[in-house]
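The values are calculated or read from the model by the stated rules, or taken from the named source; none is laboratory data. Note that this is a predicted model, so its numbers are computed, not measured. Counting neighbours? That spans all protein chains shown, and the Cβs are built from the backbone with ideal geometry, glycine included.
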Amino acid sequence: MTEDTEPTPDAEDGKLPADVIENALRLTRLARRTEGDRAATHDERRDTILATYGYEARVREDDDGAVLVCYPAEWLRDGEVVFDRIEDRSRAVERPLTGDEDWDAVEEANREIVARVGEEYGSVHEENVRAFADFLGNHHVCRIATATPAQVREFREEYYARNVWPDDEQRAALAQSLRIAFDVANVDQPPI
């Protein structure tokens with residue numbers, strides 16, 4: 001999809017199509033590289049495209065850089081997320097606006113590990129590893145195989161409790177799930 005292409009709402013699952021996400025990323029990056037009216041035009045174009053799908057965008061500044069966050073509009077009240085309105089967290093989209101590695105390649109590699117964990121070790125470990133993969137991909141554009149001790153610590157101490165909402169079984173299995181993920185990723189010395 002190019003900037004001038006009008007999107008058509010064809011996502012049956014209520015999630016943003018990949019080409020819409022890529023276009024939103026492109027327009028946001030263009031807006032950040034330009035100033036004044038040109039930047040505003042790129043932001044307005046992105047917002048119009050996302051609104052067609054019932055989404056709104058925010059740019060969050062993290063220690064590791066800026067992240068484009070696209071929320072379903074029904075989750076928001078006065079620009080703030082209302083957690084009681086969230087039914088399916090997977091509908092939100094977060095993409096780093098900086099990073100050296102291609103997000104799609106990272107996502108594919110991490111999803112392969114998640115799938116193998118699910119097949120070999122069951123759904124509890126799969127859910128934990130999926131959360132870890134989402135954190136690494138969306139916040140660090142990082143493969144499970146190259147995660148650092150600091151990233152593992154951030155995931156366990158900050159992200160997991162605030163964003164995953166695990167049940168008791170998932171929470172109890174987290175350390176084992178991470179060891180399994182690194183084993184499946186063929187990491188000789190896991191950063192745990």
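Structure values in brief
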{"item": "Residue satisfying condition, being closer than 20 Å to Ala18 by Cβ, more than 17 Å from the chain's Cα centre (by Cα) and modelled with pLDDT of 80 or more, within set Asp78, Asp47, Asp43, Asp37", "result": "Asp47"}
{"item": "So Leu136, is it in contact with a Phe, Trp or Tyr (Cβ under 8 Å, 6 or more places away or on another chain) and either under 24 Å from Arg60 (Cβ atoms) or surrounded by 12 or more Cβ atoms within 10 Å (Cβ to Cβ) (or both)", "result": "yes"}
{"item": "Pair list, Cβ under 7 Å, 6 or more apart: the range 74-92 residue in contact (Cβ under 8 Å) with a residue 60 or more places away in the chain and at negative phi, other residue in a loop (DSSP other than H, G, I, E, B) and not aromatic (Phe, Trp, Tyr)", "result": "Arg91/Gly14; Arg91/Lys15"}
{"item": "Some residue of the range 158-172 being closer than 18 Å to Ala105 by Cα, in contact (Cβ under 8 Å) with a residue 40 or more places away in the chain, in contact with an Asp or Glu (Cβ under 7 Å, 6 or more places away or on another chain) and part of a helix (DSSP H, G or I)", "result": "no"}
{"item": "Subset of the range 68-100 [surrounded by 18 or more Cβ atoms within 10 Å (Cβ to Cβ) and in a helix (DSSP H, G or I)]", "result": "Trp75, Arg91"}
{"item": "Candidates Val129, Val93, filtered to the one that is under 27 Å from Arg60 (Cα atoms) and modelled with pLDDT of 95 or more", "result": "Val129"}
{"item": "Pair list, Cβ under 6 Å, 6 or more apart: the range 128-151 residue in contact (Cβ under 8 Å) with a residue 12 or more places away in the chain, other residue among the hydroxyl-bearing types (Ser, Thr, Tyr)", "result": "Asn128/Ser177; Val129/Ser177; Phe135/Tyr159"}
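Table: residues versus (1) of a type in the set (Lys, Arg); (2) surrounded by fewer than 16 Cβ atoms within 10 Å (Cβ to Cβ); (3) assigned by TED's automatic domain parsing to the domain that holds Arg91.
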| residue | (1), (2), (3) |
| --- | --- |
| Gly118 | no, no, no |
| Gly122 | no, yes, no |
| Phe132 | no, no, no |
| Arg143 | yes, no, no |
| Gln151 | no, no, no |
| Tyr160 | no, no, no |
| Val164 | no, no, no |
| Ala173 | no, no, no |
| Leu178 | no, no, no |
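Yes/no matrix, rows are residues, columns are (1) over 24 Å from Phe182 (Cβ atoms); (2) touching a Lys or Arg at 6+ places or on another chain (Cβ under 9 Å); (3) outside the structural domain of Gln176 (by TED's automatic domain parsing):
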residue	(1), (2), (3)
Ala51	yes, no, yes
Arg58	yes, no, yes
Val67	yes, yes, yes
Pro72	yes, yes, yes
Arg89	yes, no, yes
Ala92	yes, no, yes
Glu127	no, no, no
